[in-house]
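To start, the structure itself, in structure tokens.
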Amino acid sequence: MTAPIHSLWLMPAAEDGARLASVLADLSARFGTPLFTPHLTIAGDTDRPVTQLATEIAAAAAADEVAAFSGEVLGIETSETFFRSFYARFAVSAPLAALKQRLDPQAREPFLPHVSLLYGPVPAGPKAEAAAQVSTALTGRPIRFDRLCVVTSGQDVPIADWRITETVTLG
């Protein structure tokens, strides 16, 4: 039996999370793509035990350098990557850099902070049209992030099976 796979997610505050979830639900209905909870992945696809991850996020949340914070949506971007098909892009701010360094110090890829709004392949023309519409609504808007979560999720875990197992509120 393989170890369960988990991710560490930074979660938007309730009001911003609801706004992003509404955009995501609209895109999902429009394109027939999966629903999921909007989040910013700090570390993905780790097989570290949940107890260790819970301890790590609790320590990060209690650390003086990272309290709840807002990040401005730089823009809406699209790609051919399944999990980054359509997303809101954020700058690598000081709080994001601190969380990434603390919780994923051996990251193998450059940090691309984003909140995905659609997973999967969709036709390029309609996707570009939708991106322009969502960009008008979200670009420049601050999104407040206030929680860290341990989530049973990963590239090999069906999206319908993703579950938040631990949550801590940022300082």
Among the candidates VAL134, VAL168, VAL157, single out the residue that is more than 22 Å from ASP16 (Cα to Cα), among the β-branched types (Val, Ile, Thr) and over 13 Å from the mean Cα position of the chain (by Cα).
VAL157
Mind listing whichever residues of the range 96-109 are more than 15 Å from the chain's Cα centre (by Cα) and free of Cβ contacts under 8 Å to residues at least 40 places away in the same chain?
ALA98, GLN101, PRO105, GLN106, ARG108, GLU109
Selection within the range 63-92 - part of a loop (DSSP other than H, G, I, E, B) and surrounded by fewer than 15 Cβ atoms within 10 Å (Cβ to Cβ):
ALA63, ASP64, GLU65, ALA67, ALA68, SER79, GLU80, THR81, ALA91, VAL92
Just to be sure, is GLU166 within 23 Å of ASP47 (Cα to Cα), assigned to a strand (DSSP E or B) and among the acidic types (Asp, Glu)?
yes
By residue number, the members of the range 18-55 that are under 24 Å from PRO126 (Cα atoms), in a helix (DSSP H, G or I) and of a type in the set (Ser, Thr, Tyr) are SER22, SER28
Cβ pairs under 9 Å, 6+ apart or interchain, first in the range 145-171 and without any contact (Cβ under 8 Å) to a residue 40 or more places away in the chain, second of a type in the set (S, T, N, Q), ordered by first then second residue, are ASP161/THR152; ASP161/SER153; ARG163/THR152; ARG163/SER153
Hey, any hits in the range 114-131 for a residue that's in contact (Cβ under 8 Å) with a residue 60 or more places away in the chain, small (Gly, Ala, Ser) and within 20 Å of THR46 (Cβ to Cβ)?
yes
Just a yes or no: is a residue in the range 13-27 under 20 Å from ALA107 (Cβ atoms) and surrounded by 15 or more Cβ atoms within 10 Å (Cβ to Cβ)?
no
Does ALA58 satisfy being farther than 19 Å from ILE143 by Cβ, in contact (Cβ under 8 Å) with a residue 12 or more places away in the chain, part of a helix (DSSP H, G or I) and out of contact with any Pro (no Cβ under 9 Å at 6 or more places or on another chain)?
yes
Restricting attention to the range 132-141, the residues that are surrounded by 13 or more Cβ atoms within 10 Å (Cβ to Cβ) and without any contact (Cβ under 8 Å) to a residue 60 or more places away in the chain number exactly 1
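Here, each number is a calculation from the coordinates, and none is a lab measurement. The model shown is predicted, which means the values in this text are computed figures rather than measured ones. Using ideal geometry, Cβ is built from the backbone for each residue, glycine included, and neighbour counts are taken over all protein chains shown.
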